[in-house]
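Trainee: Here's a structure for you.
The values are calculated or read from the model by the stated rules, or taken from the named source; none is laboratory data. Because the structure is a prediction, the values reported are computed rather than measured. Counting neighbours? That spans all protein chains shown, and the Cβs are built from the backbone with ideal geometry, glycine included. Side chains included, ligands, DNA and RNA excluded: accessible areas come from the protein's heavy atoms. Shrake-Rupley method; radii C 1.70, N 1.55, O 1.52, S 1.80 Å.
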Amino acid sequence: MRSVESFPISARVLHWLMAAMILAMLFIGVFMAAAVGPAYHTLVDLHRPLGIAILLLALVRLANRFLFRAPTLPDTLPPALKLAARASHVALYALMIAQPLVGWGMLSAGAYPVTMWGGASLPPILPHDTALFATLRHLHSWLAFSLFAVVLAHLGAALLHGLVLRDDVFPSMTARRGGKK
């Protein structure tokens, strides 16, 4: 087995921070859909700024990805799995950016403020339009289901690499163990 080539610390910190934020956001979204009264408003007050934080961190993470190359995948991995890995990462980045933008657009079209922590509100990015609001609300839900599915596939792949294949893929995102920078 070759020495482990790790992602840079910036990529690892962003990955695990965003993993926690996205999982929290998915659960908040599910509970928000079923909540009423004060519980609903508390969850909304968490959901909106957390979504914007995810958007900003996804953009930082994308820039980081362009600045630092990802470790190469093992030569033992079949080409179809390498393609699936690349495609799933593209889908993750696209969803991490699209989902909060669609949410922000949806709220803008519904004339709802995107209030951040501290009380500041973001400007609307779309004009008030109830039909557009309804369309974007539907899209926001479908993107959430898609993100959840891609996250589950990503988690499954991580477990496959870490527990079954026992190759260098999982350690490259968990800890630095010598190898190349």
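Trainee: In the range 67-83, is there at least one residue being under 19 Å from MET25 (Cα atoms), open to solvent by less than 60 Å² (accessible area, probe 1.4 Å) and either modelled with pLDDT under 95 or polar (S, T, N, Q) (or both)?
Mentor: No: the range 67-83 contains no residue that is under 19 Å from MET25 (Cα atoms), open to solvent by less than 60 Å² (accessible area, probe 1.4 Å) and either modelled with pLDDT under 95 or polar (S, T, N, Q) (or both).
Trainee: Quick one: count up the residues across the range 91-137 that are among the aliphatic types (A, V, I, L, M) and within 16 Å of ILE22 (Cβ to Cβ).
Mentor: Selection size over the range 91-137: 9.
Trainee: Out of the range 26-64, which residues are touching a strand residue (DSSP E or B) at 6+ places or on another chain (Cβ under 9 Å) and open to solvent by 20 Å² or more (accessible area, probe 1.4 Å)?
Mentor: ASP45, ARG48
Trainee: Report yes if VAL30 is free of Cβ contacts under 8 Å to residues at least 40 places away in the same chain and in a helix (DSSP H, G or I), otherwise no. Even if it seems obvious, please write down each step before you answer.
Mentor: Details: free of Cβ contacts under 8 Å to residues at least 40 places away in the same chain: yes; in a helix (DSSP H, G or I): yes.
So VAL30 passes the test.
Trainee: Looking at the range 38-57, is at least one residue of a type in the set (Gly, Ala, Ser) and either farther than 21 Å from VAL150 by Cβ or not in a helix (DSSP H, G or I) (or both)?
Mentor: Checked against the condition, which is being of a type in the set (Gly, Ala, Ser) and either farther than 21 Å from VAL150 by Cβ or not in a helix (DSSP H, G or I) (or both), the range 38-57 yields at least one hit.
Trainee: Which one of these does ALA131 not meet: (1) in contact (Cβ under 8 Å) with a residue 60 or more places away in the chain; (2) surrounded by fewer than 17 Cβ atoms within 10 Å (Cβ to Cβ)?
Mentor: Unmet condition: (1).
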